[in-house]
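Beneath this line is the structure, given in structure tokens, with notes to follow.
The values are calculated or read from the model by the stated rules, or taken from the named source; none is laboratory data. What you see is a predicted model, and the numbers here were worked out from it, not measured in a lab. A quick note on method: Cβ atoms are made from the backbone with ideal geometry, for glycine too, and the neighbour counts reach across all protein chains shown. Accessible surface areas use protein heavy atoms only, side chains included; no ligands, DNA or RNA. Shrake-Rupley method; radii C 1.70, N 1.55, O 1.52, S 1.80 Å.
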Amino acid sequence: MCLTGTVSDWLEVFSGVPQGSVMGPLLSVMYINDLDHGITNWILKFADDTKIFGRISNQEDTVRLQEDLNRFIEWTEERQMMFNASKCKVMHLGRKEYNNMEYYMSGQCLLTITEEDLGIVISVDVKPSQQCIQAFSKASRILFMITTLCERQLCCKKIQRRYTRMVP
């Protein structure tokens with residue numbers, strides 16, 4: 001890196017992209033750009049997060065999804081960048097007979113879960129109950145803090161300042 005005529009020293013990096021670097025996100029996107037070649041289902045890529053999804057309405061669809069997962073593994077082996085199979089999960093939505101299928105990556109059966117993605121909780125039954133519980137819990141903690149501060153008769157500006165820091 002060169003900044004105002006000063007050149008930084010070289011540093012050997014054994015894996016990943018240096019955290020906090022300006023070029024990190026760009027290098028990451030360039031590196032995984034061809035991940036979706038040959039994939040027949042839909043794929044979403046965001047930073048280091050990849051999602052593959054498709055409609056499963058028959059046995060052929062389940063086979064196609066498993067084949068796409070196998071292509072992911074081949075892609076990572078070619079680039080010597082493995083997926084952490086323990087972090088890979090399956091989420092079935094709906095009540096179809098194919099929702100109990102098991103999928104594998106690197107010989108490891110993927111867990112079926114309720115997922116939180118970008119702060120939204122998505123459960124298998126697609127009901128908002130878990131999301132509501134989390135929102136209620138967070139609001140209750142904030143309300144408790146405000147009530148406690150009011151009981152101690154701290155000035156309103158302090159309450160407002162502390163409250164606005166907690167709201168995302």
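Do you know which residues across segment 71-85 are open to solvent by 70 Å² or more (accessible area, probe 1.4 Å) and either touching a Gly at 6+ places or on another chain (Cβ under 8 Å) or part of a helix (DSSP H, G or I) (or both)?
Those that are open to solvent by 70 Å² or more (accessible area, probe 1.4 Å) and either touching a Gly at 6+ places or on another chain (Cβ under 8 Å) or part of a helix (DSSP H, G or I) (or both): 71, 74, 77, 78.
What pairs come up if the first residue lies in segment 27-42 and is over 15 Å from residue 75 (Cβ atoms), the second is open to solvent by 80 Å² or more (accessible area, probe 1.4 Å), and their beta carbons are under 6 Å apart, counting only those six or more places apart or on different chains?
These pairs meet every condition: 42/53.
Just name the residue that is farthest from the chain's Cα centre (by Cα) out of those in segment 52-69 that are free of Cβ contacts under 8 Å to residues at least 24 places away in the same chain and either under 23 Å from residue 27 (Cα atoms) or open to solvent by less than 80 Å² (accessible area, probe 1.4 Å) (or both).
Step by step, filter segment 52-69, then rank; the result is 63.
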